[in-house]
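K.L.:
Quick one: structure below, then a few questions.
What follows is calculated from the coordinates using simple rules that are stated; it is not laboratory data. The structure displayed is predicted, hence computed values, not measured ones. Using ideal geometry, Cβ is built from the backbone for each residue, glycine included, and neighbour counts are taken over all protein chains shown.
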Amino acid sequence: MITQHGPLCDVCGHYILPGTSESINPFSMAGIAGTLFCHDSCKPHVLRARETQDFRALPDGPLRRVFEVFEA
């Protein structure tokens, strides 16, 4: 998500700070409209979750909570 303070990783919930080695990676997930963003370090979790179609591959954070609420 892009906030007024900068890009926020939709996976872990931390800011993606400009000027660091972390890139902003746009991605999409089935069932969620719009473009999501993640750190380089969160990208493998996103790829694994998409490949297995299992949100449990995601670390604790905003995106995983969305799927947990939806499943409940």
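K.L.:
Between the helical axis of 43-52 and the dominant principal axis of the chain, each derived from Cα atoms, what acute angle in degrees is found, rounded to the nearest 10?
P.N.:
In the chain, helix 43-52 runs at an angle near 20 degrees to the longest axis.
K.L.:
Further question: With everything on Cα atoms, drop me the angle between helix 62-71 and the longest principal axis of the chain, reported from 0 to 90° to the nearest 10.
P.N.:
Value to nearest ten degrees: 20.
K.L.:
Further, regarding this structure: Roughly how large, in nm² to one decimal, is the mean projection of the convex hull of the alpha-carbon atoms in the chain?
P.N.:
Working: hull surface 18.8 nm².
The Cα convex hull of the chain, projected and averaged over all directions, gives 4.7 nm².
K.L.:
Right, next: Relative to the compact globular guide of 2.2 N^0.38 Å, what is the alpha carbon radius of gyration of the stretch 26-67, as a ratio? Could you put the intermediate results ahead of the total?
P.N.:
Details: Rg = 9.3 Å, N = 42, 2.2 N^0.38 = 9.1 Å.
That ratio works out to 1.02.
K.L.:
Per-residue ellipticity at 222 nm for the chain, helices alone: DSSP H runs ≥ 4 residues times -39500 (n - 2.57), over residue total, nearest 500 deg cm²/dmol? It would help to have the intermediate numbers written out before the result.
P.N.:
Details: 2 runs with 20 residues, N = 72.
The helix contribution divided over the chain gives -8000 deg cm²/dmol.
K.L.:
Size of the dipole of the chain about the Cα centre, Lys and Arg at +1 and Asp and Glu at -1 on the beta carbon, nothing else charged, in debye to 20?
P.N.:
Rounded to the nearest 20 debye, it is 40 debye.
K.L.:
Follow-up. Within a Cβ distance under 13 Å of residue 54, other residues only, what is the Lys/Arg minus Asp/Glu net charge?
P.N.:
My count for the surroundings of residue 54 gives +1.
K.L.:
With each label point set 7 Å from Cα along the Cα-Cβ vector, what nm distance links residue 48 and residue 24?
P.N.:
Calculated label separation equals 2.6 nm.
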